[in-house]
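I have placed the structure first, in the form of structure tokens, so that the comments after it can refer back to it.
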Amino acid sequence: MLTLNRSPHPVRRPPASPIRRAAAGWALLDPPVRRALAVWALLVAGSFAAGGILLALGVVRIDYLPPFHGHVRAPGAGLLAPAAFGAAAVRFLPRLTARTRFGTALLAAYACALAWTVLLAVSGDGLAAPFTHKEEYLAVLPAVDGHPLRWLAGFTRDLPAYPTHVRGHPPLPVLVVWALDAAGLRGPLWAAVVVVAAGCSAGTAVALTVRRLAGQDAARRALPYLALIPASVWIATSMDALFAAAGAWGVALLVLGRGRVARAAGGLAAGLLLGSLPYLSYGLVPYLLIPAAVAVAVRPPRAALVAALVGAATVTAAFAWAGFLWPAGVIATHAEWAADPGAARPYLYFLVGDLAVLALVTGPATAAGLAGRVPSRVAVAVAAAVAAVLALDVSGVTRGEVERIWLPFAVWVGLAGAFAGGHRADAGTAARWDRWLLAQAVTGLLLQALVASPW
């Protein structure tokens, strides 16, 4: 019998090219996930292509990178710090949130979110730069002076004289920055610090709600994705990040708490926060679908629900007593919006383009998660957020600039990314690197690197 001589040294094959590795990874994805990612990519690419054509034709005039409201910019060396931090976070944060006490996991994820968000901001124009703009809320503080109630009573009457962002919102955001100023936290930097610190806590509140909905394991799994969500680019620094925190904590407090007194107190605090949402932004009325859906899933005690209603009614009564009626504010703001160049944005393009922006700020992992792997009770909250966004999208009142306007909804929609799955990789590789989380971090870096946003 003839035998072949074998070399004592194994034959080393050349490493596969990046294209081949990407193709192999694509083949490992489940078919529903592949379809979801294909739709995600087509939506994003098609919206940018159509936006470029409409910009060249002069149909889109105030957005220079449609569907985003911003400009293209070249990446700078400042991105090295967030890139290094993002890589470390992807590598170690999932292990940390999975193995430590739950309270420690919450703190670690919040610290990671805060560091990631600040590093992204300072790699560009800086943390406080958005609040220095003449159309932002701080510009109207001289009109408030030391008389917030008098200013509030004349808010609707004097609305045409105010900066753009003030004209487009109810009066509560201005009162927030006025309160910071009155407390000695003056200027755009302090406003930015408070907004970013609060905005990053929205992920903590969402995770606490997830624990109530689907258990601690699901909450631990969600924490890294909430910390590194691509929307972090606009959490620093947009006032809408504060709105996101108010909404997320309102939902969490509604379903947390043990004992009758704690539940009633939590319900009252939830009502105050959720009741403040329509006075922070008129577009947050559909957000109330989220606490309603979560309440149906969790069934909080009657005492908590009654306390929440009392809290929300207290907010409405306080503003009415001070002279601001919400329906009158809506009418006045709609008149200002109709005269603004933003109202001339093409409806049909932004009907689709706004969804492309949402796809980017929630990341590709969210598309994969929406393919059907979200736990059923968590899916209720995600579906409510999607429904609220679709209602705003169809209405046309949030036509453009949704990278900041939809931040309160994005933190709930992006929750789906934590449950992407659908990848038949070996267990050892999955334990070392979470590829979906890496995709989220890379998306955030690319958005920061390539999009120059006024927020």
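Spin-label model, R61/W26: points 7 Å from Cα along the beta carbon direction are separated by 4.1 nm. Once you order the gyration tensor axes a ≥ b ≥ c over the Cα atoms, which shape class does the range 99-146 get: rounded for a/c under 1.5, otherwise prolate or oblate by comparing a/b with b/c? Oblate.
All alpha carbon pair distances within the range 154-221 were sorted into 5 Å bins beginning at 0; the resulting P(r) in whole percents reads 3, 15, 15, 14, 14, 12, 10, 10, 4, 3, 0.
If you put +1 on each Lys and Arg Cβ and -1 on each Asp and Glu Cβ, how big is the dipole of the chain around its Cα centre, in Debye rounded to 20? Before the final figure, lay out the partial values.
Values: 35 positive and 18 negative charges, 426 e Å.
With Lys and Arg at +1 and Asp and Glu at -1, about 2040 debye.
Separation of the range 219-282 from the range 100-152 is 15 Å, based on Cα centroids.
Kindly express, to the nearest 10 degrees and within the range 0 to 90, the angle between helix 187-214's C-alpha long axis and the longest C-alpha principal axis of the chain. On a 0 to 90 degree scale, this one is about 60. The trypsin sites (Lys or Arg not before Pro) of the range 188-293 that meet both conditions, a loop assignment by DSSP and at most 12 other Cβ atoms within 10 Å of the site Cβ, are R258.
Packing-wise, with mean Cβ within 10 Å as the measure, how do 341-352, 69-80 rank, highest first?
Working: 341-352: 16.0, 69-80: 13.5.
The packing order, highest mean first, is 341-352, 69-80.
Around the amide H of L65, modelled in the peptide plane, lie the amide H atoms of G70, all under 5 Å away and 5 or more residues distant in sequence or on another chain. In terms of overall dimensions, the C-alpha atoms belonging to the chain reach 103, 61, 39 Å along their principal axes, ordered largest to smallest.
Annotation: the residues S238, S232, sorted from fewest to most other C-beta atoms within 10 Å of their own C-beta, follow the order S238, S232.
May I ask you to derive the relative contact order of the chain, considering only C-alpha pairs under 8 Å and at least 6 residues apart, and to give it as an integer percent? So the answer I get is 25 percent. To the nearest Å, what is the center-to-center distance of the range 336-414 and the range 188-203, using C-alpha atoms only? One Cα centre to the other: 22 Å.
Quick check on the range 47-182: take the gyration tensor over C-alpha atoms, sort the square-rooted eigenvalues as a ≥ b ≥ c, and tell me if it's rounded (a/c under 1.5), prolate or oblate. Cα axes put the range 47-182 in the oblate bin. Over the range 283-375, the alpha carbon radius of gyration divided by the compact-protein estimate 2.2 N^0.38 Å works out to 1.54. Relative contact order for the range 36-165: 14 percent, from Cα pairs under 8 Å spaced at least 6 residues apart, divided by residue count. Positive end of the dipole of the range 32-452 (Cβ unit charges, origin at the Cα centre): among P341, A328, G417, the Cα lying farthest that way belongs to G417. First check a/c for the range 256-328, with a ≥ b ≥ c the square roots of the eigenvalues of its C-alpha gyration tensor; if it is under 1.5, answer rounded, and if not, answer prolate when a/b is larger than b/c or oblate otherwise. It is oblate, given that a/c is not under 1.5 and a/b is not larger than b/c.
Would you mind giving the three semi-axes, in whole Å and largest first, of the ellipsoid equivalent to the range 61-119 according to its Cα gyration tensor?
32, 14, 9
Here, the range 333-406 yields an orientationally averaged convex hull projection of 5.4 nm² when only Cα atoms define the hull.
Annotation: amide H-H contacts under 5 Å for R73 (H modelled 1.01 Å from N, sequence separation of 5 or more, or interchain): V451, A452.
In the range 191-298, the C-alpha radius of gyration followed by the widest Cα-Cα span (Dmax) gives 13.7, 40 angstrom.
Coordinate-derived values only; no laboratory data. These numbers were taken from a predicted model, which means no experiment stands behind them. Virtual Cβ from ideal backbone geometry, glycine too; neighbours counted across all protein chains shown.
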